[in-house]
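A.B. asks: This is the structure, below, for whatever I ask next.
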Amino acid sequence: SIEYQESGDVGNRTLWVVFVIMLISSLAFYIMAFRVPVQKRMFHILTAFITTFAMISYYAMAVHDGVSKNQIVIKESHKHTPDTTKTVYREVYWARYVDWSVTTPLLLLDLCLLAGLPGANILVAIVADVIMILTGLFAAFTVEEGPKWGYYAIACIAYLVVIYQLAFNGRGVVQNKDKKTATFFSAIAGFTLVLWTVYPIIWGIADGSRNINVDAEIIAYAVLDVLAKPVFGFWLLFTHDAMSESSSIE
Ligand code: RET
């Protein structure tokens, strides 16, 4: 038998809503960037680029371009009759991975610069992050179950490396900065780690094991993406603008 798993009206409308949110927050971040001196613009520019990439990717998904149908063949064993197979075609929104492979390194760069991590640590965090996203992409398109979860496991190990750089090295090195920056880093890096950890969970129940439908998957990622990009961005930039008079953030 053949089954199609694709988005419906609710999912499509959600994609457009997030597109508009990313568009408005990008404009806000570019305006905020022009209002600070160029030496203090690094975080503004990074953050504006993050929502710009997300905006483009959401546009691609909303017009139904950044998506393809992945074929999954499931063997069904029966006691008395010969085994049958079920073929499932589920939508995979590959535009997400294009977005994430660019925006998650930029988000990490925001946090690494805030903490003042050395270049080598920044590079390790970013390369591990790219490995995480690309193996996640491989997992999404792999037809067989075994290799699919193999890629997923590699992605999770890479994610642990990212966590290590932020939570351990980042936390250590930010202590050398003023107290306000250290407290702010703990808060926003903590927010990031909790949020990011929900992504592989959603992936596991949606793309991975297909326990929730495509619309539910779109909504879950939509909420996470709005928190991880615009909300994260406003929080970072407002705090940064408020304390940049006295602090040592570049
Ligand atoms: C995947 C699946 C494989 C295992 C892991 C994953 C982690 C993804 C993360 C994504 C973060 C995305 C963000 C987007 C911004 O809007 C690829 C889902 C570990 C952490 C922050």
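The values are calculated or read from the model by the stated rules, or taken from the named source; none is laboratory data. Treat the numbers as computed from the prediction; the structure is a model and nothing was measured. As a convention, Cβ positions derive from the backbone with ideal geometry for all residues, glycine included, and neighbour counts pool all protein chains shown. Quick note on the areas: whole protein, heavy atoms, side chains included, nothing else; ligands and nucleic acids left out. Shrake-Rupley method; radii C 1.70, N 1.55, O 1.52, S 1.80 Å.
A.B. asks: Among the listed residues LYS69, LYS79, LYS75, LYS86, which satisfies the condition of being out of contact with any helix residue (DSSP H, G or I) (no Cβ under 6 Å at 6 or more places or on another chain), basic (Lys, Arg) and either open to solvent by less than 70 Å² (accessible area, probe 1.4 Å) or at positive phi (or both)?
C.D. replies: Exactly one residue qualifies, and that residue is LYS86.
A.B. asks: Only one of these is of a type in the set (Lys, Arg), within 30 Å of GLY116 (Cβ to Cβ) and modelled with pLDDT under 95: LYS40, LYS69. Name it.
C.D. replies: LYS40
A.B. asks: Mind checking which residues of the stretch 128-146 are surrounded by 15 or more Cβ atoms within 10 Å (Cβ to Cβ), touching a residue at least 60 places away in the same chain (Cβ under 8 Å) and among the hydrophobic types (A, V, I, L, M, F, W, C)?
C.D. replies: Of everything in the stretch 128-146, those that are surrounded by 15 or more Cβ atoms within 10 Å (Cβ to Cβ), touching a residue at least 60 places away in the same chain (Cβ under 8 Å) and among the hydrophobic types (A, V, I, L, M, F, W, C) turn out to be ALA139, ALA140, PHE141.
A.B. asks: Sticking with this structure for a sec: Within the stretch 36-47, can one find any residue that is outside any helix (DSSP H, G or I) and either aliphatic (A, V, I, L, M) or open to solvent by less than 10 Å² (accessible area, probe 1.4 Å) (or both)?
C.D. replies: yes
A.B. asks: In addition: Only one of (1) more than 29 Å from the chain's Cα centre (by Cα); (2) under 16 Å from VAL214 (Cβ atoms) is not met by GLU76, so which one is it?
C.D. replies: Of (1) more than 29 Å from the chain's Cα centre (by Cα); (2) under 16 Å from VAL214 (Cβ atoms), only one is false for GLU76: (2).
A.B. asks: Additional query: If you check GLU91 against the conditions, is it away from the ligand (no atom under 15 Å from the Cβ), closer than 22 Å to GLU217 by Cβ and over 22 Å from the mean Cα position of the chain (by Cα)?
C.D. replies: So GLU91 does not fit the description; no.
A.B. asks: Separate question: Does ARG210 count as more than 9 Å from the ligand (Cβ to nearest atom) and in contact with a strand residue (DSSP E or B) (Cβ under 8 Å, 6 or more places away or on another chain)?
C.D. replies: yes
A.B. asks: Among the numbered criteria (1) under 12 Å from the mean Cα position of the chain (by Cα); (2) more than 10 Å from the ligand (Cβ to nearest atom), which one does ILE218 miss?
C.D. replies: In the conditions (1) under 12 Å from the mean Cα position of the chain (by Cα); (2) more than 10 Å from the ligand (Cβ to nearest atom), ILE218 misses (1) alone.
A.B. asks: Follow-up question, since we're still on this one. What pairs can you find where one residue is in the stretch 60-82 and over 29 Å from THR14 (Cβ atoms), the other is of a type outside the set (D, E, K, R) and outside any strand (DSSP E or B), and their Cβ atoms are less than 8 Å apart, with a gap of 6+ or different chains?
C.D. replies: Within 8 Å, the pairs are VAL73/VAL143.
A.B. asks: Let me ask another. Where residues in the stretch 171-207 are under 24 Å from ARG13 (Cα atoms) and free of Cβ contacts under 8 Å to residues at least 12 places away in the same chain, which of them is farthest from the ligand (Cβ to nearest atom)?
C.D. replies: Looking at residues that are under 24 Å from ARG13 (Cα atoms) and free of Cβ contacts under 8 Å to residues at least 12 places away in the same chain, I get ILE205.
A.B. asks: Let me ask something additional. Regarding the stretch 69-85, can at least one residue be identified that is assigned to a strand (DSSP E or B) and hydroxyl-bearing (Ser, Thr, Tyr)?
C.D. replies: yes
A.B. asks: Those residues that are over 14 Å from LEU46 (Cβ atoms) and open to solvent by 10 Å² or more (accessible area, probe 1.4 Å), I need them from the stretch 98-127; list them, please.
C.D. replies: VAL98, TRP100, SER101, GLY116, LEU117, PRO118, GLY119, ALA120, ASN121, LEU123, VAL124, VAL127
A.B. asks: Is it fair to say ASP129 is in contact with a Lys or Arg (Cβ under 9 Å, 6 or more places away or on another chain) and near the ligand (Cβ under 10 Å from one of its atoms)?
C.D. replies: no
A.B. asks: Here are the criteria: (1) within 21 Å of TYR58 (Cα to Cα); (2) out of contact with any Phe, Trp or Tyr (no Cβ under 9 Å at 6 or more places or on another chain). Tell me which single one ASN176 does not satisfy.
C.D. replies: With (1) within 21 Å of TYR58 (Cα to Cα); (2) out of contact with any Phe, Trp or Tyr (no Cβ under 9 Å at 6 or more places or on another chain) applied to ASN176, the lone miss is (1).
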